Amino acid sequence: MKNLLYILLAMATLSCSKKNEEISPDSIYNVSSKWEKQDGKTITFSDMKGKVLVTAMIFTSCKTACPRLTAEMRTISQKVGKTNPEDIQYVLISIDPKNDTPQVMKAYLDTNKFDEKQWTFIRSNEDDTRELANVMAVKYKEISPIEFSHSNIISVYSKKGTLAYQKEGLDSGDDDLVKEIKKQIEL
């Protein structure tokens with residue numbers, strides 16, 4: 001009985017230490033802004049600590065690049081295959097927080113048949129969105145009230161939140177990105 005108690009205590013200590021590990025200065029978990037999810041709940045990037053993050057910045061009213069970027073994210077998730085939701089999070093980040101309300105983001109996930117255990121759609125205010133875009137090397141500019149010009153970048157972050165891989169452009173192949181995601185999951 002005493003040995004069981006020591007084992008449980010050791011397991012509890014190890015599980016707590018994972019969340020309390022020091023964050024690297026270049027980790028996305030240092031982005032302290034708050035983000036609203038598709039369900040209206042608030043999240044920070046550090047809330048996803050310990051998961052591989054696969055991210056893209058889009059806006060739901062986009063009729064050109066964003067649907068293709070979303071389809072590419074879907075293909076990537078299919079190639080990665082079934083994984084434990086505790087290991088990976090696909091994150092769509094709105095660059096149009098005024099129009100991409102939680103209801104609109106939820107409808108977008110539903111329309112694309114994305115499982116909310118592994119897919120999250122978030123938005124914040126314009127300043128925080130711009131700050132995150134700069135951290136992620138994504139460029140965007142509003143060219144009309146409902147249209148943006150933007151980079152088409154998919155980023156993979158390690159479980160510690162450091163950038164592991166970044167792919168720019170559409171239709172440029174995703175095999176290396178998929179390999180990197182699988183590698184990061186195994187680490």
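Points worth noting:
- When GLY50, GLY81 are screened for being modelled with pLDDT of 85 or more, out of contact with any Leu (no Cβ under 7 Å at 6 or more places or on another chain) and surrounded by 14 or more Cβ atoms within 10 Å (Cβ to Cβ), only GLY50 passes.
- Extreme residue, most open to solvent (accessible area, probe 1.4 Å), among residues of the stretch 61-73 that are closer than 15 Å to ILE153 by Cβ and at pLDDT 80 or above: ARG68
- Condition check for ASP127: farther than 22 Å from ILE153 by Cβ, out of contact with any helix residue (DSSP H, G or I) (no Cβ under 7 Å at 6 or more places or on another chain), in a helix (DSSP H, G or I) and of a type outside the set (A, V, I, L, M, F, W, C): no
- Residue check for ILE76: open to solvent by less than 40 Å² (accessible area, probe 1.4 Å) and either more than 17 Å from VAL178 (Cα to Cα) or among the basic types (Lys, Arg) (or both): no
Yes/no matrix, rows are residues, columns are (1) at pLDDT 90 or above; (2) under 24 Å from SER32 (Cβ atoms); (3) surrounded by fewer than 16 Cβ atoms within 10 Å (Cβ to Cβ):
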| site | (1), (2), (3) |
| --- | --- |
| PRO85 | no, no, yes |
| TYR90 | yes, yes, no |
| GLU126 | no, yes, yes |
| ALA137 | no, yes, yes |
| GLU142 | no, no, yes |
| LEU177 | no, no, no |
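- Just so you know, in the stretch 153-171 the residues that are in a loop (DSSP other than H, G, I, E, B) and open to solvent by 70 Å² or more (accessible area, probe 1.4 Å) include one that is modelled with the highest pLDDT, and it is LYS160.
The values are calculated or read from the model by the stated rules, or taken from the named source; none is laboratory data. The shown structure was predicted, so the numbers you read here are calculated from the model rather than taken from an experiment. Cβ atoms come from the backbone with ideal geometry, glycine included; neighbour counts cover every protein chain shown. Note: areas computed on protein heavy atoms with side chains; ligands, DNA, RNA excluded. Shrake-Rupley method; radii C 1.70, N 1.55, O 1.52, S 1.80 Å.
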